[in-house]
Structure formats: structure tokens, C-alpha cells
Amino acid sequence: MRFLSLFNHDSSRIQLRKSSGGIKPLSNKASSLRSRIMSTPIPKILVLPLLQHKGTPAKPIAKSGDRVLKGQKIAEAADASSAPVHAPTSGRITGIGLHALPDEFGTLAACITLASDGNDQAIKTTFTADFQNMSESDLLERIRDAGIVGMGGAGFPTYLKLQSSNEHPVDFLIINAVECEPYITADEALIREHACDVVTGANILKRVTGAKQCIVAIEDSKIDAIAELKLAALNSAIQIAIIPEKYTAGSEKQLIHSVTGREVPAGKYPASIGVSLHNTGTAFAIYKAICEAEPCISRITTVTGSTLKTPKNFHVLIGTPIAFLFDLCGVDQTKLSRIVVGGSLMGTCLPDINAPIIKTTNCLIAGSAEEFTEPQPEQACIRCSFCADVCPVNLLPQQLYASSRCQDYQQADNFGLFDCIECGACAYVCPSHIPLVQYYRASKSEIEKQRTNRHNADKWQARFQFHQYRYKREKKQKLLQSSSIEHQPETEHNKQADFSREKARLEISEAVARVKARRSKLITTSSVATEREDKP
Amino acid sequence: MNKVIYCSPQLNGQQSIGKIMLWVMTACIPGVAASTWFFGWGTVLNILVTMIFAVALEALILWLRNKSLRIHLADNSALLTAVIIGIAIPPGSPWWLLFSGICFAIVVAKHAYGGIGQNPFNPAMCGYVLLLLTFPLNMTTWHLPVDTLFDELQFSTLSWTSFMFSLQLCFPALTSDDVQLTEYLDGFAMATPLIEYELAKSSAVLVALKNNTSLFASTSNTGWEIVNFGFLLGGLFLLTKKIISWQIPLSIIMTITVLSLLFYAPGSTAVYGETYLHLFGSATMIGAFFIATDPVSAATTPMGRIIYGIIIGVAIYSIRVWGSYPDSIAIAVLLGNFFAPLIDHFCRPRIYGHSTRSGL
Amino acid sequence: MFPLIDTAYFQILAFTVLGVGIIWLILITFRYLKTESNKQQLSLIDQINALLPQTQCGHCGHPGCLPYARAISHGAAINQCPPGGKHTIQALSILLNQANEPLNPCHGEHTEPLVAVIREGECIGCTKCIQACPIDAILGGTKLMHTVIESECNGCDLCLEPCPVDCIDLIPRPGKQLRQWPLPSHIDVDQHNIGANP
């Protein structure tokens, strides 16, 4: 089915292809769109994880006790696949230690804790709003310096993405404003109020990537946002693609296929087919970084759920504790049953409410028990194939489930387990209430563990074989040496060699005695007893 | 805050096996209603008695297997099997016939393989074929209150008399020496509607329309065709609700259409009947929409379902025309079930981002 | 419509198509069988060795993984490898068509990944640990500082014994130990087996 887009400057229209699979759940978006985006007061403590992106953690450059200003870099990129971290407000760094991340396991990771002083004093920067006269490499450098990562949830460092798209010619630059997942309205609110800024960000991206076409893809139910976007894109070469409402239409690979007709090959990035896709929040952050010289220190986050008095979108500082945001919204603690980070289909439960907002947190849901009912008991698979009908990647979820359950990981890999985007559509429609995504995640981690073990085993086997070869080689050399020595008369040198072996043994026993003496002194003087078994 | 961490997705679509089975049973209602209108209470009684046996047997087996009755009985799968068997077994069959059929279907064809979702063969059809092989005479005898051949109404199909008639056929112990009751056992007995000579006739519905007689009058012989229309209606309803997929019914119907057009031979050899009669003068509609689409035993991939449907269609036509069974749906569906795992193995969809179908 | 099958034309066509179809099926079967047999068959010992973790630790009682693989091919028990854990035993049981057994505790316990660490202040530079390490993961020279290369060490603990000053520790491998979702358990469908309780 072809669906023609409604608006375009040049006469060419964007022909959308129908994406396979997908579901149409209730969107639950209206409640958080009733008001405008609200700014939050500055929290007293901000927790900034060093790893808010996909790649290696940033390296802290500020020390505990330092006074920092808003926008100051406090952690630099460790390597090419890392992104720097900036202070969201002025204050003092109180420590660099372990803190819970906002993920389902409450993983502890290194974080910089910042105590704000309330002044919100910004660092002095040179401010150039005129990005047209900057070179692409300058723009790229600014984006990298600002620590911008994919704000849609993936967290891929934007600099890295743009760099790889520089190696291939980019035909399409797509700004993803589809936001198909229920409950999340951050991108829609952003476009409603800052459409011009998003369009400027898109233009900057177009310049940097050198894309031939720039398309903003947005869902057809976001009527206000579409109107604003059309107005903002009036005098630019940006095209708007209006995607029919469906969950998984906004997933990166599915959107690329919908808009451009190209498929991202398995295991490769969109850059390899000439497509560069970025989230709306990323485009806005790029605008802020280039035109307002503000690094990535804040984002729009939807805070919603039926237990909140006033669900809305917030303009939050990165590092704000989630408990602080819930207090702002007026949460009904008696009805609160589940806190979800992300939307209702790909979001994760939050065990620790003191976890901070990071660069990729786009939504928080404070749900009641009626809203998020307890999962019903899992029953046998009846092979109805509802799951295969809704899978956007054309997988066979029932076969993946069967392979995962039997722990036949080779078979699961054959059926394309690693192509699964974990969108949750299959588990949503399953009439037997099978937690399919949990099966796939467990299998994926098990397969990766096995791959690591296999890789390690091969590495150690190679090292062991070399060790054996080296040992044989040395033995052969010694044999040769000794056979040549035997034919020589006993010389001074040989005598010295014997003598040095004796000397070595003596030295070793002296050294052992020294260490034993030192150790016994340590044991008697220190209050903590060391537990070691005595060796003869 | 959260004591238990749930894996995404945090919401689900509130679909359940019980609801699906209930919708399928609801979709059977038009066909069963038409059957009651034309042929009496036999089918309804069959269904009710089979349902009671089915639930009792399922409960017993689940108790023996230490499974929770509350969860597993709620999935309505035993009830659906009972409905299908009740429709398939001729009305007027004694209760022990129904009991044997449903017992084999539920205990052996379903639970002996591991319960719901584990059976390789369609349980209802397994029960039906067992009955066909062990009680061939009973299975090919239809007791009708209406004499369709001689256009004589013995008594109205919906009357209390008709109900008593069906009840006595079902539970022969209820017959007594009372003269009035035994009279009712003289209802006409005929083989199941799809018999060879039926295919030589032209469509009763078209004839009725031409003669301007009511389609629903018992004298117009449109009974069996209307029943099929009823099941077609139910099947289309299931399609719109997306409970069954379109590939299996469409490929079965298309295959039978193509074959019947190819081999159509009007004349003395009446088995090569019209396409219309093959589709509506037999049990094709119920087979295509309700029996072959049983999810557990059918093929699951889109392309696989089309091939599965083709195999079943070819089997239905071949056995009906060249074989010796009056109706071939059950055997054809079981034949398809044999091939389903092989079909699933070879007919996999192409995964997004892969150039060829996934490795076999 | 005409009765197609009565014409000789149709029958010849039908038989041709059928014949071609059967021959094609036979050819495909032969091609499939040939590719199966062409696959390289490793010797049994190599196949067993490929499943072992290659730590060369000797906990199984044999001086390395290849000798243990040889012993297994001659009938030794498959549950003697602690670093391999139950996954290795399961893989071996599938390969050799033997019963899956729990790990024999007299050979050790399956632990999390470990690495050796030398307390450098006490090291005397005797090189005994370097000679003991089966994969050359210790760097050092005579009377020079010894250190374990953490990325190469496999935690086999062969270096602990020879050290005369006992300055080597075996500690859990440092780094991000990522939590992962477990498979949903299936003890009974009627319990609410949902999610992981971290």
C-alpha cells in the first residue's frame, strides 16, 4: 500500500512503504500533552554517571571538592567510542563513586556526584549562532565536545555516527519524530514548542553529513506537532513524511525501510546504505550545542502515569534524581505499584527510585496496579503465530521461544535471535502470556557468554601451544649448548656458571627469610589478621 | 520501590487462549443454528453431551497430571474440541459413540502428547477418524425428522417432538414400551448429506431462487447448503477478528475450486460435480475455516500455510472423488498435519536485513 | 469445461511433469547428502578438546585439557572439569551420548572467573611462577618484578603453589559484571514465575 505524503516543496513526494508487523496499543499520550513543557527547579544533588552511552565510560577530569560551573566539562571521552560529561549546573563535586543506574538491575556504576549551589552560573564561552560559516569538521568537533549521544534511548555517541556516515555518501538524513511507543510524548512536546530549533538542528546535521535529502518522519496522530513542523520547515529543503500510527513504525530499521525502501543489512549500521537517522532530541541538542553553545546537560523527559496528579513533560537537567521529579508531579504513593523507565512496551522496571536521569531517559511512568496488572501465569504455546504476524523483523518468535526454552542456542541463532530488536510486540499479543522478551534476553546473554568463553578458550589454547613450543625450543637450545659445552674443557666461565646457580639459591633463601620476617612483623603489628595457610 | 522486577513489555494485549476459543465457538453458532432449523435438535444435543463429557475427561486428566484446573480448564480448548466433534458426528448418534470419540480426542490425541499446544494432530479429527474406522455404520447414518427425499414432513424440526426424538436416539435407554415414543424412531435414515448422487444435482439454493420458494423451507432441500453458508459466515467473522489467518481457508477453497473446475464432468459419473456443490454441498466450509485452522497442528508460517492449505485441498478433493469415504475433511486434515512440521522447516520468512531465507 | 484428463495430451504432459519432479527431488536429495558428507570431520579427541575451557589447570587430574580429552575418549568420566562447569558437562554428554552428571566435587567447584594477582611488594623475582604458568601470562625476569597480565590470565592457579613467598592471590576478575535476565522457570505453570528478583 502506498501512502503519499501531504507536504513537500519540490514536486517529488515521499513514497512510504508499509512496514511489516506492528501492533496498535492504546497510546496513553493525551494526559502528558495537556500542558506545556515545564522546567524543573535545580535539585540539590545531581548524580552524573560516567557511562550514559554505548561505548567506554568517560574519564573524570574534575576531582572531588572542585568547584565547577554550568556547562563545564567534568569528564572527557576516554577513547573514540566515548562521550564527555558536563556539569548541568554550577556547584561543587562531592565525590566520584558507585551509584545505582536507572536500569532494571540497579547496576552500580561510577558516577560523579555534584552538589548544586543554586546560582546556575554558566561557564563563559564564545557563542557563534552562525553555523553556516563553520566548516563541517568544526561542527563535528563541537558536537563531539558537547557530549551528544542518541537521545532516543540507544545512546550511541552522535559524533561516532556522523563520522561513520562521512565515510559513506549519505543519501538520506532522517529525523525520527515518530515516537510510536505508548506513554512517551517527549519528542512531540519538543516539536510543538521548539519546531524551529529542531529544524535548525536538522539543517546542521544535513550540513555535517552532506545528505542529499533531509526527511523528518512523524506519526499521523501528532496533529499539532505536524502543523508546527510544517510552519518551521516552510523555507527549508526539509521534507516531512507522515507515518501511519503503529507501534514499531518508529523503530530505526523499520523507519528506514518505510521512508527510503532500503533495508539495513544484518550486523551493519544504516550508514553502510547511505542513511543517517537521528532522534528529534538529538537534533535539538545539536542546535543547542552549536547555536547556543550549551553542551548536553538537559533533555525533555515525559513523566506520566495514572498515579500522578499532573503528568507532563519536563525540561530536566541530566543527573536529576527520579524521586525529585516524582515529588514535583505529586505522586500518590498509596496507589504507586510500578515505576517504569521508558515506554510501556520497551521500558524497564526501576528498583531504586534514587537513580538519576541520564541522557537517554525519555520517559518515566509511575503506574498503578490497575494500569500495570500482574502478568498472568505462563501457559503452553498454542502455535497461533500471532507473534510472527506482529514481528517487525519477520522473525519466527515461536521458534525462538522453543529454542530458548530447550537451551538449544545454536538453533536460536539460526532463527535470527540477534536480529530481534526486543520491541515486545510478540509478548504483547501472546494469548498464552509467555514472557517472550525475557526468553530472548536470557538466550542472548547466554550465547554471548558462550562466545566469550569460546574466544577465551581459543586464546588460551593458542598461548598454551606457543608456551609448549617455546619450552621445546629452549630445551633444544640447552641441549645444543650443553653438548657443545661437554666437548670443551672446564673453563673459568663454567665454574662461574655453577657458582652463580649456587649463589642464586642462596639469594632466594635469604630473600624468603626476609619476606617471612617482614610478614611476621606485619601480623604482630597490624590489628587485622591476614588469612593465609602456612606453606612449608 | 519495585519488589519484583518484570521484564518488558510492561503491558500486554489482554488476549487469552480462552477468549480465542470462545470466539471460535461463537462463530460456529450460525452454522449450528441452520443445522438445527433444517435437521432438528440432533446437532445441538450432540454438542451439549460431548461438551459435558469433554469437560469431565479434561478435568480428570488434568487432576491426574497435577495441573491446576482453574487455569487449564479456563482455556476452553476441551469445549472447542467437543463442539467440532459434535458438529462432525451425525445427529442421532448414541451417547457411547460421542463418548468414545471425545475420549480418544482429548485423552489420547491431546494429553498423551503433552496437553494443549503439544499435539501434532488435530484432536477432533483424530476422534472422528477413530469413530469412522471402528463404527462405520453409525457414522454414516443420519437420523432426520424430515424426509428430504419424499418431501414429507413427519414433524417440525424445532418442535418438542423432534427434541425427544433426538434425545432418544442419543440415549437409547430412554425408549420405553410407550407406543407414542417408539413411533418417533421411524425417522428417515440416510447417509451423510455428501453422498455420491448429491453431487450430480444442481444447487438447491439456485433452484429455490429460480422457483421463488423460500430458502428456509424444509421442502426446498437447501438445508445443507444453508448450513455451509452459516459456517462461511462464521469463518468470515473469525477472519475479521483476526483470530484465524486468511491463508489456510483461502488456499483450501481455491485448490478445491481449481481441481473441481479441472475435473468437472457432468453426466453419469456424478462424482465430478460442480464446484459450487464441492464447496457448499459438503463439509468444505467448516473444514476450511474451523478444522484446518486449528493453530496447534497447522503450519505456522505464511507461505507454509498456503502450501498446507493446498495439500489439504488436494487431499479433500482426491479422497472425496476417487476414494471411498463419504467425506474426507478429517482424513485430509490429518494428512496435512503429517506434513506441517516439514512445511514449517522449509517455508521460513525472509528476515529483515538478510538477503536469503535463514539457514536451515 | 471439457474433461481434460481424457485427452492423451494432458496425460503425456502430466506424466512428464511428474517425472521431471521426481528426478529433481532425487537430485536435490543427492546434493544435500553430498554436502553433508563433505563437511570436515574432526577426530573425536579434537571435538572433545574443542568443548573444554582450555585453562590447562589440571584440576581434572590430567596435565592439561588435551590429555583429559584423550582420557575421555578412552572412557574417563566427563564431570571432572570445574572451570568448564555444567555447560561443558552438558555439551560433552550431548557429543558423546552419555548421561549428564553433576560436577564431581572432589575436583573442585565451579567459580566465577578468577585472575591471579601478585603482591608486588613481596615478590622476590625467582621466576618459579613464570615457569609454572601454562599460558605465559606472567611477565618478568630473574630478580626483576613479576606481574600477571590480567587480560591473559585464566585463573588456573598453577602459579600459587611454586611461589616460595606465597605472594600470589586469586581474586574474582575485576570489571563490570553485568546482570542478566534468567530464563523464566517452569517448575509449575501455576506459580507466578515472573521476572527476576535481583
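The values are calculated or read from the model by the stated rules, or taken from the named source; none is laboratory data. Keep in mind the model is a prediction, meaning the values are calculated, not measured. Every residue, glycine as well, gets a Cβ built from its backbone with ideal geometry; the counts of neighbours run over all protein chains shown.
Counting only helices (runs of 4 or more DSSP H) that fall entirely inside region B:75-145 and contain at least 2 residues that are within 30 Å of A:A380 (Cα to Cα), the qualifying elements are B:77-88, B:95-103, B:123-134. B:L69 meets each of the listed conditions (1) within 14 Å of chain C (Cβ to nearest Cβ); (2) touching a Gly at 6+ places or on another chain (Cβ under 8 Å) apart from (2).
Against the definition (within 22 Å of the chain's Cα centre (by Cα) and under 27 Å from B:Q10 (Cα atoms)), how does A:A146 come out, yes or no? Against the criterion (within 22 Å of the chain's Cα centre (by Cα) and under 27 Å from B:Q10 (Cα atoms)), A:A146 does not qualify. Could you list, in sequence order, the residues of region A:193-217 that are among the charged types (D, E, K, R) and touching a residue at least 60 places away in the same chain (Cβ under 8 Å)? Once the filter is applied, which keeps residues that are among the charged types (D, E, K, R) and touching a residue at least 60 places away in the same chain (Cβ under 8 Å), region A:193-217 yields A:E193, A:D197, A:R207. Among the numbered conditions (1) hydrophobic (A, V, I, L, M, F, W, C); (2) facing chain B (nearest Cβ under 10 Å); (3) buried (at least 21 other Cβ atoms within 10 Å of the Cβ); (4) assigned to a loop (DSSP other than H, G, I, E, B), the only one that A:I353 does not meet is (3). Each residue in region A:432-449 was checked for being at the interface with chain C (Cβ under 7 Å from one of its Cβ atoms) and surrounded by fewer than 18 Cβ atoms within 10 Å (Cβ to Cβ), and 1 pass.
Within region A:248-263, can you find the residues that are touching an Asp or Glu at 6+ places or on another chain (Cβ under 8 Å) and either within 12 Å of chain B (Cβ to nearest Cβ) or surrounded by fewer than 20 Cβ atoms within 10 Å (Cβ to Cβ) (or both)?
Keep residues of region A:248-263 that are touching an Asp or Glu at 6+ places or on another chain (Cβ under 8 Å), which gives A:249-250, A:253, A:256-257, A:260.
Selection gives A:K253, A:I256, A:H257.
Tell me, which residue of region A:400-421 that is of a type outside the set (A, V, I, L, M, F, W, C) and more than 8 Å from every other protein chain (Cβ to nearest Cβ) is surrounded by the fewest Cβ atoms within 10 Å (Cβ to Cβ)? Quick ask: steps written out before the conclusion?
Start the filter on region A:400-421 by keeping residues that are of a type outside the set (A, V, I, L, M, F, W, C), which leaves A:401, A:403-405, A:407-411, A:413-414, A:416, A:419.
Restricting the remaining residues to those that are more than 8 Å from every other protein chain (Cβ to nearest Cβ) gives A:401, A:403, A:408-411, A:413.
Numbers: A:Y401: 24, A:S403: 21, A:D408: 14, A:Y409: 18, A:Q410: 9, A:Q411: 15, A:D413: 18.
The extreme case among them is A:Q410.
Could you please let me know if C:G85 is at positive phi, at pLDDT below 90, within 17 Å of the chain's Cα centre (by Cα) and among the small types (G, A, S)?
Working: at positive phi: yes; at pLDDT below 90: yes; within 17 Å of the chain's Cα centre (by Cα): yes; among the small types (G, A, S): yes.
So C:G85 passes the test.
Which one of the conditions (1) modelled with pLDDT under 90; (2) out of contact with any Pro (no Cβ under 8 Å at 6 or more places or on another chain); (3) at the interface with chain B (Cβ under 8 Å from one of its Cβ atoms) does A:I339 fail to meet, given that it meets all the rest? Every listed condition holds for A:I339 apart from (1).
Among the residues of region B:21-74, count how many are of a type in the set (D, E, K, R) and under 26 Å from B:W96 (Cα atoms). Walk me through how you get there before you give the answer.
Going residue by residue through region B:21-74, those that are of a type in the set (D, E, K, R) are B:58, B:65, B:67, B:70.
Narrowing further to those that are under 26 Å from B:W96 (Cα atoms): B:58, B:65.
Final tally of qualifying residues: 2.
The sole residue among A:L108, A:L101 that is closer than 13 Å to A:L50 by Cα, modelled with pLDDT of 90 or more and within 14 Å of chain C (Cβ to nearest Cβ) is A:L101. I'd like to know if region B:298-307 contains one or more residues that are in a loop (DSSP other than H, G, I, E, B), within 22 Å of B:A82 (Cα to Cα) and within 14 Å of chain A (Cβ to nearest Cβ). So far as region B:298-307 goes, yes, one or more of its residues are in a loop (DSSP other than H, G, I, E, B), within 22 Å of B:A82 (Cα to Cα) and within 14 Å of chain A (Cβ to nearest Cβ).
Total residues in region C:53-67 satisfying the condition of being more than 9 Å from chain A (Cβ to nearest Cβ), assigned to a loop (DSSP other than H, G, I, E, B) and surrounded by fewer than 24 Cβ atoms within 10 Å (Cβ to Cβ): the figure is 6.
The residue that is nearest to A:L50 (Cα to Cα), counting only those in region C:157-182 that are within 9 Å of chain A (Cβ to nearest Cβ) and surrounded by 17 or more Cβ atoms within 10 Å (Cβ to Cβ), is C:W181.
In the set (1) part of a helix (DSSP H, G or I); (2) over 17 Å from B:G115 (Cα atoms); (3) modelled with pLDDT under 90, the condition left unmet by B:I71 is number (2).
Which residue out of A:L162, A:L114, A:L140 is crowded, with 20+ Cβ neighbours inside 10 Å and part of a helix (DSSP H, G or I)? I'd like the intermediate steps shown before the answer.
Details: A:L114 fails: part of a helix (DSSP H, G or I); A:L140 fails: crowded, with 20+ Cβ neighbours inside 10 Å.
The match here is A:L162.
I'm trying to understand the selection: among the residues of region A:47-72, which are over 20 Å from the mean Cα position of the chain (by Cα) and part of a strand (DSSP E or B)?
Of region A:47-72, the ones over 20 Å from the mean Cα position of the chain (by Cα) are A:61-72.
Those that are over 20 Å from the mean Cα position of the chain (by Cα) and part of a strand (DSSP E or B): A:R67, A:V68, A:K70.
Among strands (runs of 3 or more DSSP E) entirely within region A:168-274, having at least 3 residues that are within 24 Å of A:G342 (Cβ to Cβ) singles out A:172-177, A:213-219. Taken over region C:72-101, the residue count meeting the criterion of being hydrophobic (A, V, I, L, M, F, W, C) and buried (at least 18 other Cβ atoms within 10 Å of the Cβ) is 6.
From the list A:T348, A:T310, which one is in contact with a Cys (Cβ under 6 Å, 6 or more places away or on another chain), farther than 20 Å from A:C296 by Cα and in contact (Cβ under 8 Å) with a residue 12 or more places away in the chain? Let's see the steps before the verdict.
Values: A:T348 fails: in contact with a Cys (Cβ under 6 Å, 6 or more places away or on another chain).
Testing whether each residue is in contact with a Cys (Cβ under 6 Å, 6 or more places away or on another chain), farther than 20 Å from A:C296 by Cα and in contact (Cβ under 8 Å) with a residue 12 or more places away in the chain leaves just A:T310.
Residue-level analysis places B:S324 outside the set of residues that are over 20 Å from B:M125 (Cβ atoms) and part of a loop (DSSP other than H, G, I, E, B). Filter region C:132-155 for residues that are surrounded by 13 or more Cβ atoms within 10 Å (Cβ to Cβ) and facing chain A (nearest Cβ under 9 Å); which is farthest from C:P53 (Cα to Cα)? Result: C:K143.
May I ask you to list the residues in region A:143-159 that are outside any helix (DSSP H, G or I) and hydrophobic (A, V, I, L, M, F, W, C)?
First pass over region A:143-159, keeping only residues outside any helix (DSSP H, G or I): A:146-157.
Residues satisfying the conditions are A:A146, A:I148, A:V149, A:M151, A:A154, A:F156.
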